[in-house]
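Presented below is the structure to which this report refers.
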Amino acid sequence: MAANNRRMSGKKGAQVGSGGQRRRGLEGKGPTPPAEMRKGHAKQRAANAKVRRAQGRPQQRRGGKASSELVVGRNPVVEALREGVPASTLYVQQFIDNDERVREALQLAAERGGINLMEAPRPELDRMTNGLNHQGLVLQVPPYEYAHPEDLADAAYDEGEDPLIVALDGVTDPRNLGAVVRSVSAFGGHGVVVPERRAAGMTAGAWKTSAGTAARTPVARATNLTRALESYKKAGIVVVGLAADGEAELGDLEALQGPVVIVVGSEGKGLSRLVGETCDFRVRIPMPGGAESLNAGVAAGIVLYEAARRRS
């Protein structure tokens, strides 16, 4: 009977319901969190980089040192001093014929300061240069201090900017490296990455071609370029490789507006297989004139200009 009364009553008993979930689903999720708290945002990455440094990570890890270098001969020495190539010691042969190039070299070294002037007998200079025609002048260039690839991205985020980095794959001409450094500096990039082996390094020739910009544009050296690119990708940076048979044209690439690494291969072989497979995009530069390829310095300059135009 009690059961019948409950059935006939107008009151509803316990029923299976939503448990209030529908009502909660209609409620707002609150204000949008600040950029520093949004996952993947550039400001959050910059904040994380600062935290890592505050926890004791060295602010700048080194990518190693190059070996010291000798610039040999009167004209090369004078040109290196004119272009601001770093130098530690200028060796001058005893009883040298004092022509205007010797006088200019001595004057430039004295004006720059920090360069030791050493007089040495001819046999000693012959030994130092392995018998090269030094003409009585030898300039010692100190080892270059390479940055670490990750430091280039961290420095960009510290400035509140998306990284714009150029990586060189198989580029062996130091003049091409110097030209790329100059373009990176001109278009607001954050540095250049080169492999440790089988690649051009920051020699006196690269310094000269950079026209002084190497003093303010860091060059990082990677033990393994493919792994360095994969590390960039894990950090949310898009890796774009330049290739004559690329699937996309440069003008269609929206990725240049964000954090990006531009990978440039050698003029003859292009990108190596592993590096090409690591890239998120393979992009071609349209060339209506019919040229088959561009050297690394020119290709990098074109892409850096396009990136700077989109970011302005």
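Roughly how many Å² of Y91 are accessible to a 1.4 Å probe, to the nearest 10?
40 Å²
Shape verdict for the range 155-312, please, from the Cα gyration tensor: rounded (a/c under 1.5), prolate (a/b greater than b/c) or oblate.
Verdict is rounded for the range 155-312.
Tell me the net charge near A120. Cut-off is 12 Å between Cβ atoms, A120 excluded, with +1 for each Lys or Arg and -1 for each Asp or Glu.
Here the count lands on -1.
Report, in whole Å, the centroid distance computed from the Cα atoms of the range 76-127 and the range 203-241.
With the range 76-127 and the range 203-241 each reduced to a Cα centre, they are spaced 31 Å.
Under a cut-off of 17 Å between alpha-carbon atoms, report the aspartates and glutamates in cross-link reach of K269, not counting same-chain residues fewer than 8 places apart.
Here the aspartates and glutamates satisfying the reach criterion relative to K269 are D169, D173, D245, E277, E292.
Considering Cα pairs under 8 angstrom that are at least six residues apart, work out the relative contact order of the range 244-312 and quote it in whole percent.
Relative contact order, the range 244-312: 50 percent.
Roughly how many percent of the accessible protein surface of the range 204-281 is carbon and sulfur, given a 1.4 Å probe and a whole-percent answer?
Summing carbon and sulfur atoms, their accessible area is 49 percent of the total for the range 204-281.
Just the number please: accessible area per residue for the range 62-142, 1.4 Å probe, all protein chains included, in Å².
56 Å²
Could you list which residues have their amide H under 5 Å from that of V238, counting only those 5 or more apart in sequence or on another chain, with H placed in the peptide plane?
Here V260, V261 satisfy the definition.
At 1.4 Å probe size, with no ligands or nucleic acids counted, give the accessible surface of S312 in Å², nearest ten.
Ignoring ligands and nucleic acids, S312 comes out at about 120 Å².
The values are calculated or read from the model by the stated rules, or taken from the named source; none is laboratory data. Bear in mind the structure is a predicted one, so any value in this text is a computation, not a measurement. A quick note on method: Cβ atoms are made from the backbone with ideal geometry, for glycine too, and the neighbour counts reach across all protein chains shown. Calculation scope for accessible area: heavy atoms of the full protein, side chains included, ligands and nucleic acids excluded. Shrake-Rupley method; radii C 1.70, N 1.55, O 1.52, S 1.80 Å.
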